[in-house]
Amino acid sequence: MTSRKRWHLKSTATDADVSELAASLNNLHPSLARTLMERGIATFDAARAYFRASISDLHDPFLMQDMEKAVTRIAEALEADEQFVVYGDYDVDGTTATALLTRYLRDVGGKVSFFVPNRFEHGYGLSKQGLDHAASEGARLVIALDCGVTAIEEAVYAREKGMDLIICDHHTPLDTLPDAVAVLNPKRADCAYPYKELCGCGVTFKLVQALESRLQRSRSSIFDFLDLVALATASDVVSVTGENRILLREGLKQLRTNARIGLRMLAEQADVRLSECSASNIIFTLGPRINAAGRLGDAARAVSLMLAFDELEATARARQLERLNQERRELDRETQELAFEQADRILARGSRHTLVLHDDDWHLGVIGIVASRLVERHFRPTIMMTTVNGYAKGSARSVAGINIHAALKECSDILTEFGGHDFAAGLSLPVDAIPEFADRFEEAVSRAITPDLLEPVVDVDAKLPVREINAKLWSILHQFAPFGPDNDMPTFQAGNLEVVGAISTVGRDRSHLRFAVQDRDGGQRLDVIGFRMSKYLDTVSESQATGTPLELLYSIQENTWNGRTKLQLQAHDMRLETA
């Protein structure tokens, strides 16, 4: 198979600038110096901040607009022994935020209960039904987490019910903000907070950080919550730069050494060694199990797991989430088959820049996952919807360069509800409006898209011959972690490679490709693993059989097998080298 992807060598830095940075960093390997510069790190001081940033470098939470108002109101409620209701969203970001603030308020003596909406009964975000529940709990103060920044009518409703409202959110605000006691959101146009990319749990952590200061408690105690912040930061796919990078890195340390009992039991069920936990483990293993609770019903089960103190309770709840995740995976498989067929039929009728799919019987809890896979398969903005209470509700996913929230905003007169990020959003609309919406969405995206945006691109940080990979280079490269958006695991390019030894497909479904390479002019041999890349078996076999050099895009990782750890290459793409 020939690669359909375009290889883009970033290479915006000049050789002279790269050499200067490398020299200032104790003769750092030029490929790593170039990789740093592609991340905007061009000086010794910037590199020191990148590699050595610590908890002490977190921003003052009171720089966030309305933080003073929020803290003052919460302190008053604690003093008056008022009833709090913590109201969180049902995904990983929302449930971790809910667990964090609920535990903290209880620790400081607050009367607090939590509420997480059921996506089937209440829909997304702050709702009148959810506020009715809060009122029935006797709430005087509702704190909405990871939702609420667009809830204009709901904020009025809360006030009518005699409840004050504080909103902690990170989603894109509308031009008008809800009439609440405080709206904490770094993306507010009038917010001077220096870092804009916190997840919902991250904003909640900043609230707790401010409360600790106001209540004059020990600041160190709140850092026990960073395992929850790490879960949310990785799972919500926010930028892993600046403050997020500090929170994720320190949170991973907490997960590895002192995670709360619920997360330890969840990791045990998922067969994850927390002592070696990475952002990737969260995204692909722990996060989906927490999400499964909300996708298939009651996300409160995930919050209760994270609040558990007793090992027996935590084990029971972790097993429940494991069973739900198995059910979710089966639904994924069935929905994916139907969605792929529907997408193929749409694209066979003519060229389109978007996919808008709907089926009455699809499960609302899994269509977002399948929409992401459709984007990977067809590389175009995709919306998947099902029918809930007479309305089409669903999830939108996008490609780099297309702001899907902005495209939905152009169709807002058709939509009954929408909200989200540049790359992911939720929406609802009348079922009979789907054809008109599909055409309008296509038009909105078509105005913004260019042909190159529909071509899969692999960004390459630098060229790095295989013979130059060694333990010293790896020890420095390892410090680039944690990885994620805007700080991806570096991808390198190597050419003139010889395929050596056996070539095999591995894995339960034989979808992974394993082989080994070395430079054709000599040097070390390194194993290569290509996940879900068995389609390149012919390419690798042809290279070995004919002696045609192989070009490889790869990242470097450690592989431990039978107690032995060694470096290997993870393939991202490959092709036969042409003259």
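The values are calculated or read from the model by the stated rules, or taken from the named source; none is laboratory data. Owing to the predicted nature of the structure, the values given are computational and were not obtained by experimental measurement. Don't worry about glycine lacking a Cβ; one is built from the backbone with ideal geometry, like all the others, and counts go over all protein chains shown.
Some points to look at:
- Residues that are without any contact (Cβ under 8 Å) to a residue 12 or more places away in the chain, of a type in the set (A, V, I, L, M, F, W, C) and within 23 Å of THR102 (Cα to Cα) number at least 2 in none of the helices (runs of 4 or more DSSP H) confined to the stretch 187-301.
- Meets criteria (crowded, with 19+ Cβ neighbours inside 10 Å, of a type in the set (S, T, N, Q) and within 25 Å of CYS147 (Cα to Cα)) for THR387: no
- Test: residue in the stretch 304-321 that is among the polar types (S, T, N, Q), modelled with pLDDT under 95 and either under 21 Å from the mean Cα position of the chain (by Cα) or closer than 23 Å to LEU226 by Cα (or both): no
- Qualifying residue in the stretch 507-516 (condition: among the small types (Gly, Ala, Ser), free of Cβ contacts under 8 Å to residues at least 40 places away in the same chain and exposed (fewer than 15 other Cβ atoms within 10 Å of the Cβ)): yes
- Test for ASN487: is it closer than 30 Å to ASN244 by Cα and in contact with a helix residue (DSSP H, G or I) (Cβ under 9 Å, 6 or more places away or on another chain): yes
- So LEU537, is it in a strand (DSSP E or B), hydrophobic (A, V, I, L, M, F, W, C), in contact with a Ser or Thr (Cβ under 8 Å, 6 or more places away or on another chain) and modelled with pLDDT of 95 or more: no
- Whichever residue in the stretch 31-69 is charged (D, E, K, R) and farther than 30 Å from THR12 by Cα and, among such residues, is nearest to the chain's Cα centre (by Cα): ASP60
- Top-ranked residue in the stretch 449-494 [being part of a helix (DSSP H, G or I) and of a type in the set (Phe, Trp, Tyr); ranked as farthest from LEU567 (Cα to Cα)]: PHE480
- Any chance ALA75 is aliphatic (A, V, I, L, M), exposed (fewer than 15 other Cβ atoms within 10 Å of the Cβ), touching a helix residue (DSSP H, G or I) at 6+ places or on another chain (Cβ under 7 Å) and closer than 30 Å to GLY125 by Cα: yes
Matching residues to (1) over 27 Å from the mean Cα position of the chain (by Cα); (2) touching a residue at least 60 places away in the same chain (Cβ under 8 Å); (3) surrounded by fewer than 19 Cβ atoms within 10 Å (Cβ to Cβ); (4) at positive phi:
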| site | (1), (2), (3), (4) |
| --- | --- |
| GLY522 | yes, no, yes, yes |
| GLY530 | no, no, no, no |
| LEU537 | yes, no, yes, no |
| LEU550 | yes, no, no, no |
| LEU553 | no, yes, no, no |
| ASN562 | yes, no, yes, yes |
| ALA571 | no, no, no, no |
